[in-house]
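Laboratory data are not the source of any read-out in this text; all were calculated from the coordinates shown. Quick caveat: nothing in here was measured; it's all calculated off a predicted structure. Counting neighbours? That spans all protein chains shown, and the Cβs are built from the backbone with ideal geometry, glycine included.
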Amino acid sequence: MAKRVAIVGAGVSGLAAIRCCLEEGLEPTCFERSDDIGGLWKFSEHAEEGRASIYRSVFTNSSKEMMCFPDFPYPDDYPNYMHHSKLQEYLRAFAHAKSLLGHIRFETLVTSVKKCPGFLVTGQWTVVTEKDGKQESTVFDAVMICSGHHVYPNLPTDSFPGLEQLQGNYLHSRDYKGPEAFKGKRVLVIGLGNSGSDIAVELSRLAAQVIISTRSGSWVMSRVWDDGYPWDMVYVTRFASFLLNILPSFVSDWLYVKKMNTWFKHENYGLVPLNRPLRKEPVFNDELPSRILCGTVSIKPGVKKFTETSAVFEDGTVFEAIDCVIFATGYGYAYPFLDDSIIKSRNNEVTLYKGIFPPQLEKSTLAVIGLVQSLGAAIPTADLQARWAAKVLANSCTLPTTNEMMDDIDEKMGKKLKWFGQSCTLQTDYITYMDELASFIGAKPDIAWLFLTDPRLALEVFFGPCSPYQFRLMGPGKWEGARNAILTQWNRTLRPTRTRAVSEAQQPHHFYNLLKMLSFPLLLLAVWLTFYS
């Protein structure tokens, strides 16, 4: 009989998990507490307990060619950056095309996931669910947790002395849906992440004054990148990743900071991060610098304390007559249905092998999908995680020993702290991580072989965008349409923007970009040869 797998959540990760279990001959049952798929992308006018929540105006930060399921491109006419409703349409189309809906139990809450008494032998789990007030207990051979990490808000009220006496109200960004209620108000937004900057910019059109308070600053990037192309189509390439990983750190740090400052000088806007070279996730906002220039948004340091009517910042300045404080302070990583020690097996930090498998479990029958963060999109990451996890659960791939997995976690943690900082321990380098997962299942693109057998494709794979199709190009799970999808990805990118065609479409020239990126290292080499020859 096929192994039975319980999947918690029917968002992006859950859909990927169902599909990959089916590919491996497993029998998935997905439990979704709401009445629809989509998870984070299923918009609701009110924040619902236990579910991710987004505001009405949310658009994607990844472009469509970089955030699709690897064998299911978006329709040609879809915009490059999509409103949440458009992405939800795509997820429904994917679920129908792959016949996933029949494996989902909607309006069913998972209340408990516990090891069966014979776990040491069977690796089985008892999953307790609740629907219409009735509980049901079922034994599964494996569990895939796909409920995301944007559910439980981090509201650090204890870190802000005097907040309890503030006469204005405060809320977490999770409860924000739109700007109408803030018309004419004086608003303080705490936190400079994507949500904080989005909300501040949107409020600045109706509110009397908006201030963003940030302790550490952040790099701010536009979705519109070199020559008007989507940022990730130009920036997330194998060549760029290769260059940043082989260059001396002082060179790669200089290149990184220089690139981040291409659009505007962050120092002049009070946005520059305290630790400039750290690769923590940038903020994507096309309007924030303009709003600062227009005076409708101001940037301030951290809040030292609150009074009844004001906020006192660490530089001694004061924001008077506050009407509302919005905490855009992120989320905690919690799975209330699971023993916390399984995910956080050491020092209360997330300890998962490759961000997926708890290394201390006696049987590797539980996987977490969608918890890591990177500059890459969530959909292809979840797809590749689920492909590998499903193969492990089906016993067609094996994991290293517990000690080997813990050693790998420690090694990776050291690199993450160096690259991303203490607050970003779930962060990872996208292409390196994806290649690592793909190599476990034999799906990593063989660039050298491609250059020998298909040079045109090889050039696009190495110098062009590292699009999801690359991970269904060869090996198990190969998609016959992957080659054509890669070679035509720029056509689909330019199609929705060329609604008034005045000339031939202009695609990036890889060798021109190569020369631009190599110019500084070559200059350094010339200087070194001049002085030491």
Going by average Cβ neighbours within 10 Å, how do the peptides 88-100, 157-169, 114-126 rank, with the highest at the top? 88-100, 114-126, 157-169
Considering only lysines 8 or more places apart in sequence, or on different chains, count the pairs in segment 200-328 whose C-alpha atoms sit under 28 Å apart. 10
Hey, how many Å between the Cα centroid of segment 193-228 and the Cα centroid of segment 132-152? 36 Å
Considering only C-alpha atoms, what is the centroid distance from segment 375-389 to segment 279-310, in Å? 32 Å
The extension gain from residue 137 to residue 488, computed as 0.36 nm times the residue separation minus the Cα-Cα distance, is 121.5 nm
With θ taken as phi - 60° and the coefficients 6.51, -1.76 and 1.60, list the Karplus ³J(HN,Hα) couplings across segment 314-328 in order, rounded to whole Hz; mark glycine and proline as x. 5, 8, x, 6, 10, 9, 8, 6, 6, 8, 7, 10, 10, 8, 9
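What is the sum of charges around residue 111, taking Lys and Arg as +1, Asp and Glu as -1, for the other residues whose C-beta is under 12 Å from the C-beta of residue 111? Display every interim value, and only then the final one.
Values: positive: 33, 114, 131, 134; negative: 130, 136.
With Lys, Arg at +1 and Asp, Glu at -1, the net is +2.
Using unit Cβ charges (K, R positive; D, E negative) and no other charged atoms, how large, in debye to the nearest 20, is the dipole of segment 173-227 about its Cα centre? Show your work: numbers first, answer last.
Numbers: 8 positive and 6 negative charges, 71 e Å.
In total the dipole reaches around 340 debye.
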Value at 222 nm in deg cm²/dmol, rounded to 500, when DSSP H runs of n ≥ 4 in the chain each add -39,500 (n - 2.57): -9500 deg cm²/dmol
Under 15 Å, Cβ to Cβ, from residue 76 - net charge with Lys/Arg +1 and Asp/Glu -1: +2
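Based on the alpha-carbon gyration tensor of segment 369-417 and its eigenvalue square roots a ≥ b ≥ c, which shape applies: rounded if a/c is under 1.5, prolate if not and a/b is larger than b/c, or oblate?
On the way: a/c = 3.50, a/b = 1.02, b/c = 3.42.
Here segment 369-417 falls in the oblate category.
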Could you tell me what a quarter of the Cα convex hull surface of segment 159-260 works out to, in nm² with one decimal place? 9.6 nm²
What nm distance separates the two modelled labels at residue 120 and residue 436, each placed 7 Å from Cα along Cα→Cβ? 3.2 nm
Could you please report the charge total around residue 467, scoring K, R as +1 and D, E as -1 over all other residues with beta-carbon less than 13 angstrom from its beta-carbon? 0
In nm, spacing of pseudo-spin labels at residue 77 and residue 43 (7 Å Cα→C-beta vector): 2.0 nm
Using only Cα atoms, locate the centre of segment 77-122 and the centre of segment 23-71, then give the distance between them in Å, rounded to an integer. 7 Å
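Taking all pairs of distinct Cα atoms, average 1/r, flip it, and tell me the Kirkwood hydrodynamic radius of segment 42-124 in Å to one decimal place. Spell out each step's value before the answer.
Numbers: mean 1/r = 0.0625 Å⁻¹.
After inverting the pairwise mean of 1/r, the radius is 16.0 Å.
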Amide H to amide H under 5 Å from residue 307: which residues, 5+ apart in sequence or cross-chain, H placed 1.01 Å off N in plane? 312
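Given 0.36 nm per residue, what is the gain on full extension from residue 398 to residue 159 after removing their alpha carbon distance, in nm? Mind dumping the intermediate values first?
Values: separation 239, 0.36 × 239 = 86.04 nm, distance 4.44 nm.
My answer for the length gained is 81.6 nm.
Please give the per residue volume of the convex hull enclosing the alpha carbon atoms of segment 132-179, rounded to a whole number of Å³. Write down the numbers at each step before the final one.
Working: hull volume 9.8 nm³, N = 48.
Given the Cα convex hull of segment 132-179, per-residue volume reads 203 Å³.
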Please state the equivalent ellipsoid semi-axes for segment 270-340: what are the square roots of 5 times the Cα gyration tensor eigenvalues, largest first, in whole Å? 27, 21, 14
For segment 437-514, what is the largest minus smallest coordinate of the Cα atoms on each principal axis, given in angstrom and ordered from greatest to least? 46, 25, 20
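What per residue convex hull volume, in Å³, do the alpha-carbon atoms of the chain yield?
183 Å³
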Segment 130-208: trypsin sites (Lys or Arg not before Pro) in DSSP loop, at most 14 other beta carbons within 10 Å: 183, 205
Please list 499-509, 223-233, 208-218 highest first by mean number of surrounding beta-carbon atoms within 10 Å per residue. 208-218, 223-233, 499-509
Along the charge dipole of the chain, Cβ charges K/R +1 and D/E -1, which of 459, 6, 398 sits furthest on the positive end? 459
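For segment 119-207, how big is Rg over Rh, using alpha carbon atoms and the Kirkwood form of Rh?
1.20
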Taking 0.36 nm per residue of separation and subtracting the Cα-Cα distance, what length does fully extending residue 339 through residue 314 add? 5.1 nm
Please list, or write none, the lysines whose alpha carbon is within less than 20 Å of the alpha carbon of residue 478, excluding same-chain residues fewer than 8 places away. 98, 391, 444
Under a plain spin-label model, where a point goes 7 Å from the Cα along Cα-to-Cβ, how far apart in nm are residue 263 and residue 305? 3.7 nm
